[in-house]
Every structure is written in C-alpha cells, then in structure tokens.
1. With n ≥ 4 as the cut-off for DSSP H runs, can you work out [θ] at 222 nm for the chain, using -39500 (n - 2.57) per run divided by the number of residues, rounded to the nearest 500?
2. Taking all protein chains together and a probe of 1.4 Å, list Asp127, Asp9 from the most accessible to the least accessible.
3. Rounded to the nearest 5, what is the percent of antiparallel bridges among the DSSP beta bridges in the stretch 1-130?
4. Highest mean first, how do 153-162, 80-89, 103-112 rank when packing is the count of other Cβ atoms within 10 Å averaged over residues?
5. Report the extension gain between Asp52 and Glu156 in nm, rounded to one decimal, defined as 0.36 nm multiplied by the number of residues separating them, less their alpha carbon distance.
6. Per residue, what accessible area does the stretch 108-167 have, given a 1.4 Å probe and all protein chains present, in Å²?
7. Taking 0.36 nm per residue of separation and subtracting the Cα-Cα distance, what length does fully extending Tyr72 through Arg25 add?
8. At what distance in angstrom do the alpha carbon centres of the stretch 119-144 and the stretch 71-109 lie from each other?
Amino acid sequence: MKVYLFLADGFEVIEAMTPVDVLRRAGVEITTVSLTSSLTVTSSNGVETKADATLGSVDILGGDALILPGGYPGFENLRKNDAVGRAARLYYETGRLVAAICGAPIVLQHYGIGKGHKVTGHSCIKDAMTDFVYTGRHVEKDGALLTAIGAGHALEFSMAILEALCG
C-alpha cells in the first residue's frame with residue numbers, strides 16, 4: 001500500500017500529521033510531498049515541516065491513495081496546482097482513494113472530480129460545492145471519495161482512510 005499526502009504552504013498541521021501518524025503505525029507507506037522545490041513547508045500557524053519528497057522527485061501517480069489536507073491558505077494552494085488536480089482526477093477515475101479534509105474538497109469542485117457524490121468539508125466551502133451533495137457530516141465516504149469536515153475530526157478522518165485501504 002502506497003499513499004501520498006500533499007503538503008502546501010498554509011496546511012493545517014493536525015489534518016496532515018494525523019493521517020501520517022495513523023497510517024505509519026499501521027504499516028502503510030505514506031509519503032509527504034511538498035508542492036514546491038523545497039522540502040520545507042510552512043503550516044497555517046507557522047510550523048515548519050520537512051516533507052519526505054518534492055513534487056518533482058516522486059511518481060505520485062503510482063500510489064493507492066491521495067490525501068489532501070486543509071488549512072488556509074493551504075487548500076487554496078492545492079486548488080491552484082494543476083499537478084494536484086491531475087493526480088486527484090487520475091486517482092478518482094481509476095478507483096483509487098482520494099481523501100480531502102476541511103477546505104481541501106474544493107479541489108474536487110475546481111477540477112470536476114466526482115460530481116454528484118456526497119461530500120463534507122469546512123463550512124467555508126459549503127456554498128462552493130455546487131456539483132456535490134454536501135452532507136455536513138464529520139466524515140463522508142462515497143465511492144473513491146472520502147472527505148471530512150475539519151481539524152476536530154482528523155483522527156476520525158485518518159481511521160476512515162485506514163479502513164478504506166486496509167479493512
């Protein structure tokens with residue numbers, strides 16, 4: 001099992017590190033990927049984190065799941081990155097898990113991924129999710145999409161990812 005988690009400047013620490021912690025404890029190979037040429041990524045609250053790899057140094061298309069953490073402006077930086085959009089679309093279209101928390105489901109809306117499916121996310125994106133059925137649940141899984149409402153549910157989100165990948 002191989003999972004990639006994108007780290008964009010402005011990411012929410014708990015939404016990124018909780019899945020990393022849970023999946024690594026379960027023996028799942030998870031690689032954090034910086035969207036820039038630098039391994040150092042700065043969170044929304046100023047915490048500098050060293051990613052495992054940069055976007056240009058790994059084959060992100062070869063994984064089993066893709067995770068998009070929220071945080072502001074992290075989720076906007078994910079949305080603006082076409083490589084993130086292309087990867088998320090490919091994963092979704094090939095039935096691989098795409099997991100997004102907080103504001104990151106906006107990437108799905110922006111790139112037209114999974115239209116009509118049930119999703120959840122932070123209230124700041126609710127009105128923008130016009131191509132989806134927004135449920136407001138803590139965690140929502142619909143097909144290859146797994147979304148969560150925000151930081152307070154990062155552990156529940158991470159456990160749902162683990163369950164989707166490993167049963």
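1. Mean residue ellipticity, 222 nm, calculated: -8500 deg cm²/dmol.
2. Numbers: Asp127 135, Asp9 70 Å².
Accessible-area ranking of Asp127, Asp9, largest first: Asp127, Asp9.
3. 15
4. On the way: 153-162: 21.5, 80-89: 17.6, 103-112: 23.4.
Descending mean neighbour count gives 103-112, 153-162, 80-89.
5. Values: separation 104, 0.36 × 104 = 37.44 nm, distance 2.39 nm.
Roughly 35.0 nm would be gained on extension.
6. Averaged over the residues of the stretch 108-167, the accessible area is 47 Å².
7. This chain segment gains 14.2 nm when fully extended.
8. 13
The values are calculated or read from the model by the stated rules, or taken from the named source; none is laboratory data. Small disclaimer: the values here were computed from a predicted structure and weren't measured. We place every Cβ from the backbone using ideal geometry, glycine too, and count neighbours over all the protein chains shown. Each accessible area value is taken on the protein alone, full model and side chains, heavy atoms only, with ligands, DNA and RNA left out. Shrake-Rupley method; radii C 1.70, N 1.55, O 1.52, S 1.80 Å.
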